[in-house]
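The values are calculated or read from the model by the stated rules, or taken from the named source; none is laboratory data. All values reported here derive from a predicted model rather than from experimental measurement. Glycine gets a Cβ as well: all are built from the backbone with ideal geometry, and neighbour counts include every protein chain shown.
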Amino acid sequence: MREPALIFDFGNVVGFFDYLRACERFAVHRGMTGGAFREMVLERGFARLLAEFESGRIGPEDFADRLMELSGVRLPYEEFVRSWENIFWPNEPVAALIRSLKEKGYPLFLGSNTNVLHATHYRRQFAGTLALFDGFILSYEVGHMKPTREFFDACVRAAGSPASSCVFIDDVAENVDGARAAGLAAILYVDTPALIADLRIAGVQLP
């Protein structure tokens, strides 16, 4: 197997996302702007609720019920899911890079803090790119979130390589630090040209 194994974060690396897109859909039911809705739910504990969902401690219907209770929005579950899930758009330069890495024979993995609703949606939306990956380490499935050591240990197990032979790519400095603390090499994603340069420094062969 070619080294290193490359483990990509999803959000704002493979694909971009913005929760404001969902907030704007929910806000319509409260006569608010999306920004005001986002501030309201953050003040009421949304971050803690999302962490429970993305670590697999609660299921999607429980999450929907609790978010609707927290926000004062009442929707049928199917409508809630449609409003919640569609917040992503592609990072085309990274998609092209992933195709090139696959052609070169590098093992590719996705390591993401995510939830079952978002993951189900973006695995459909980005099916062509994600089909190139050899495995997925998703926080709600492994029960741990970045930047915990347990999450990165799960990445190493999935890659089947020593931690020192894994490179984790993430747009959040705290997650990069967590990967390094677990023994992986790590790259902070800023933009694709810088990522390509950093991959070359890490020994990855690219055109």
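Only residues that are within 22 Å of residue 12 (Cα to Cα) and either at pLDDT below 95 or surrounded by fewer than 21 Cβ atoms within 10 Å (Cβ to Cβ) (or both): list them for the range 159-180, please.
Scanning the range 159-180 gives 171, 172, 173, 174, 177, 180.
Just a yes or no: is a residue in the range 106-120 of a type in the set (A, V, I, L, M, F, W, C), closer than 20 Å to residue 188 by Cβ and surrounded by fewer than 23 Cβ atoms within 10 Å (Cβ to Cβ)? Give the derivation first.
First pass over the range 106-120, keeping only residues of a type in the set (A, V, I, L, M, F, W, C): 108-110, 116-117, 119.
Among the residues that remain, those that are also closer than 20 Å to residue 188 by Cβ are: 108-110.
This time we only want the ones that are surrounded by fewer than 23 Cβ atoms within 10 Å (Cβ to Cβ), so: 108-109.
Yes - at least one qualifying residue is present in the range 106-120.
Just to be sure, is residue 193 on the phi < 0 side of the Ramachandran plot, part of a helix (DSSP H, G or I), surrounded by fewer than 14 Cβ atoms within 10 Å (Cβ to Cβ) and not assigned by TED's automatic domain parsing to the domain that holds residue 57? Can you show your working first?
On the way: on the phi < 0 side of the Ramachandran plot: yes; part of a helix (DSSP H, G or I): yes; surrounded by fewer than 14 Cβ atoms within 10 Å (Cβ to Cβ): yes; not assigned by TED's automatic domain parsing to the domain that holds residue 57: yes.
Yes; evaluated as a whole, the condition is true for this residue.
Pull up the range 1-19, narrow it to residues that are surrounded by fewer than 19 Cβ atoms within 10 Å (Cβ to Cβ) and over 16 Å from the mean Cα position of the chain (by Cα), then point me to the one that is nearest to residue 192 (Cα to Cα). Break it down stepwise before answering.
To start, the set of residues in the range 1-19 that are surrounded by fewer than 19 Cβ atoms within 10 Å (Cβ to Cβ) comprises 1-3, 12, 16-19.
From what is left, the residues that are over 16 Å from the mean Cα position of the chain (by Cα) are 1-3.
Details: 1: 25, 2: 22, 3: 20 Å.
Taking the candidates together, the pick is 3.
Pull up the range 53-78, narrow it to residues that are loosely packed, with under 14 Cβ neighbours inside 10 Å and of a type in the set (D, E, K, R), then point me to the one that is farthest from residue 36 (Cα to Cα).
57
Might you let me know whether the range 24-45 holds any residue that is touching a Pro at 6+ places or on another chain (Cβ under 9 Å) and surrounded by 14 or more Cβ atoms within 10 Å (Cβ to Cβ)? Before the answer, list the steps.
Our first condition is that a residue be touching a Pro at 6+ places or on another chain (Cβ under 9 Å); within the range 24-45, this holds for none.
No - not one qualifying residue is present in the range 24-45.
Of 101, 97, 132, which residue is closer than 22 Å to residue 4 by Cβ, surrounded by 18 or more Cβ atoms within 10 Å (Cβ to Cβ) and in contact with a helix residue (DSSP H, G or I) (Cβ under 7 Å, 6 or more places away or on another chain)?
Numbers: 101 fails: in contact with a helix residue (DSSP H, G or I) (Cβ under 7 Å, 6 or more places away or on another chain); 132 fails: surrounded by 18 or more Cβ atoms within 10 Å (Cβ to Cβ).
Unique residue meeting the criteria: 97.
List the number of the failed condition for residue 124; all other conditions in (1) loosely packed, with under 13 Cβ neighbours inside 10 Å; (2) under 15 Å from the mean Cα position of the chain (by Cα); (3) under 25 Å from residue 179 (Cα atoms) hold.
(3)
Would you pick out the residues in the range 156-184 that are in a strand (DSSP E or B) and in contact with a helix residue (DSSP H, G or I) (Cβ under 7 Å, 6 or more places away or on another chain)? Spell out the reasoning first.
Keep residues of the range 156-184 that are in a strand (DSSP E or B), which gives 166-170.
Across the range 156-184, the qualifying residues are 166, 168, 169, 170.
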